[in-house]
């Protein structure tokens, strides 16, 4: 049945009022693209649980002869998904949401907007990505700029509200009206867990935001930030008035002062055929030197995964394989204190990649001898949200995103210090609605420009800010022999005199505290707000028990927070 032809008055093709007066719905939350692991999880667990995507593809390729009925069902599912994607992208019915990685709820939300009456209202229960994701940015921007959006109440599924949905999943009540209903301010509530938390009397939970706020806080995409309280909103807005964003796409020139290019070097699924296990390399006559395999003029570089890295630490963990796991087969083997103190120690990945493949992924100017990268799988409720580090010239998976920069090694060290600072992390967690730290989020985070570091250091007048900052970052980063190329590029001697700075836990805590205190000052944060920001990095349960409108400092007494505030006071 063609609904628009059967009910022309409702869909705007008759003489009467067009559209529905009220729409209430919970559209399906389902990606249109077929996921191999999900499809085979019940019908063929061995295929779903293959060690890597390359092995899984080999099993699927053999199915026409080994499991023809299952392969036919899989092929049919692929065809149905392709038909739906083609319709969404080419029909013209979903111009704002019919693109990218399509989820059905996005299409339903745009349909609801199209068929609501001019003075009608819509209430939908959808994933919170409707307001924060890059694929839905045009739809959300349209709602905000047309003043159609009335309210968005964001929930965590911790309670849980939905038993079969993961506890960390976030969903929202989305309320908007037809073209005659206008709202100058939108009522936002974030991180609610029960309906009672969005009651009008909980004033600290209700945060009014305008289209102008979206333009200031996310100028490239106009997507929605995520605030726990009004204080978070006001503090974040104040930072954006003082500090420019990392990459401003609205500027004709000077919008990317660091010359940053994001690189997902090797996709863990699509590039799986390039990943070589150690058993094969040894069988082929390669010899392991450090964590590189060499044979004559051929070299295979370690494939860094995000789990191998922590802030200022490229040797946080090796990776071991648990064959019995359906997911999470690569498990961390965390580096011990003794191993960290040994400059010769190198972490071991589960796969290696031919050096020529790494070279092919880069231009000649980008070919090392080191990289800055960050973990893209994270959460605003994790202990830290932005985790970045230098790594040696190596291969890296798509979940450790490389940030190529045209600046010197010393200036890149300053950038790394900025990325790992508490104040930068604080703003980052106001922007991430799911578990992925995408490019478009990082581009719109406030970061000091490279020319800022040419000034004299405010608290150490005999040196530039660049020297003061980079010395500390290099001491934290150049702790092993495999980071000597970075030390050489930065003309850094280290404690050993050859570019290696020996690992000492007490010194590292002090250096990081000084860096955090410095960036609080450079971002214009006063002591009271610095102390408040530190309290937001307690574990989730402690924070949830706090009065979100008040300052609490008890958690930091005698710990990291005390070191940072002590350094902050000395610099003041």
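The values are calculated or read from the model by the stated rules, or taken from the named source; none is laboratory data. Source: prediction; values computed, not measured. A quick note on method: Cβ atoms are made from the backbone with ideal geometry, for glycine too, and the neighbour counts reach across all protein chains shown.
Residues of region 467-490 that are surrounded by fewer than 24 Cβ atoms within 10 Å (Cβ to Cβ), more than 19 Å from residue 340 (Cα to Cα) and in contact with a helix residue (DSSP H, G or I) (Cβ under 6 Å, 6 or more places away or on another chain): 489, 490. All conditions in (1) under 26 Å from the mean Cα position of the chain (by Cα); (2) outside any helix (DSSP H, G or I) hold for residue 135, with the sole exception of (2). When 524, 494, 549 are checked against the criterion of being over 30 Å from residue 394 (Cα atoms), modelled with pLDDT of 95 or more, surrounded by fewer than 21 Cβ atoms within 10 Å (Cβ to Cβ) and in contact with a helix residue (DSSP H, G or I) (Cβ under 9 Å, 6 or more places away or on another chain), a single residue qualifies: 524.
For residue 294, the test of being over 29 Å from residue 512 (Cβ atoms), touching a strand residue (DSSP E or B) at 6+ places or on another chain (Cβ under 8 Å) and surrounded by 15 or more Cβ atoms within 10 Å (Cβ to Cβ) is passed.
Restricting attention to region 257-271, the residues being over 9 Å from residue 396 (Cα atoms) and outside any loop (DSSP other than H, G, I, E, B) number 3. Taking each residue of region 198-209 that is farther than 14 Å from residue 234 by Cβ and looking for partners that are at pLDDT 95 or above and surrounded by 13 or more Cβ atoms within 10 Å (Cβ to Cβ) with beta-carbon atoms closer than 6 Å, six or more apart or interchain, yields 198/153; 198/189; 205/189.
Taken over region 171-182, the criterion of being over 25 Å from residue 18 (Cα atoms) and either surrounded by fewer than 20 Cβ atoms within 10 Å (Cβ to Cβ) or out of contact with any helix residue (DSSP H, G or I) (no Cβ under 8 Å at 6 or more places or on another chain) (or both) is satisfied by 171 alone.
Of all the listed residues (242, 274), the sole one being more than 26 Å from residue 529 (Cβ to Cβ) and either at pLDDT 95 or above or surrounded by 12 or more Cβ atoms within 10 Å (Cβ to Cβ) (or both) is 274. Of the numbered criteria (1) assigned to a loop (DSSP other than H, G, I, E, B); (2) surrounded by fewer than 23 Cβ atoms within 10 Å (Cβ to Cβ); (3) free of Cβ contacts under 8 Å to residues at least 60 places away in the same chain, the one residue 501 fails is (2).
Every residue, every condition in (1) more than 29 Å from the chain's Cα centre (by Cα); (2) surrounded by fewer than 16 Cβ atoms within 10 Å (Cβ to Cβ); (3) assigned to a helix (DSSP H, G or I), yes or no:
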position: 280; (1), (2), (3): yes, yes, yes
position: 288; (1), (2), (3): yes, yes, no
position: 300; (1), (2), (3): no, no, no
position: 303; (1), (2), (3): no, no, no
position: 307; (1), (2), (3): no, no, yes
position: 315; (1), (2), (3): no, no, no
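From the list 77, 81, 109, 50, the lone residue that is touching a residue at least 24 places away in the same chain (Cβ under 8 Å), surrounded by 13 or more Cβ atoms within 10 Å (Cβ to Cβ) and in contact with a helix residue (DSSP H, G or I) (Cβ under 7 Å, 6 or more places away or on another chain) is 109. Scanning for something farther than 30 Å from residue 202 by Cα, at pLDDT below 95 and either buried (at least 21 other Cβ atoms within 10 Å of the Cβ) or in contact with a helix residue (DSSP H, G or I) (Cβ under 6 Å, 6 or more places away or on another chain) (or both), does region 130-145 turn up at least one residue? Looking for residues that are farther than 30 Å from residue 202 by Cα, at pLDDT below 95 and either buried (at least 21 other Cβ atoms within 10 Å of the Cβ) or in contact with a helix residue (DSSP H, G or I) (Cβ under 6 Å, 6 or more places away or on another chain) (or both), one finds at least one in region 130-145, hence yes.
Assessment of region 444-452 against the conditions (crowded, with 16+ Cβ neighbours inside 10 Å, out of contact with any strand residue (DSSP E or B) (no Cβ under 8 Å at 6 or more places or on another chain) and part of a loop (DSSP other than H, G, I, E, B)) yields at least one matching residue. Only residues that are farther than 15 Å from residue 96 by Cβ and surrounded by 22 or more Cβ atoms within 10 Å (Cβ to Cβ) were counted in region 146-162, giving 3.
Do you know which of the residues in region 104-122 that are within 24 Å of residue 30 (Cα to Cα) and in a strand (DSSP E or B) is farthest from the chain's Cα centre (by Cα)? Applying the filter and picking the extreme gives 116. If only residues of region 366-379 that are in contact with a strand residue (DSSP E or B) (Cβ under 9 Å, 6 or more places away or on another chain) and surrounded by fewer than 20 Cβ atoms within 10 Å (Cβ to Cβ) are counted, the one that is modelled with the highest pLDDT is 369.
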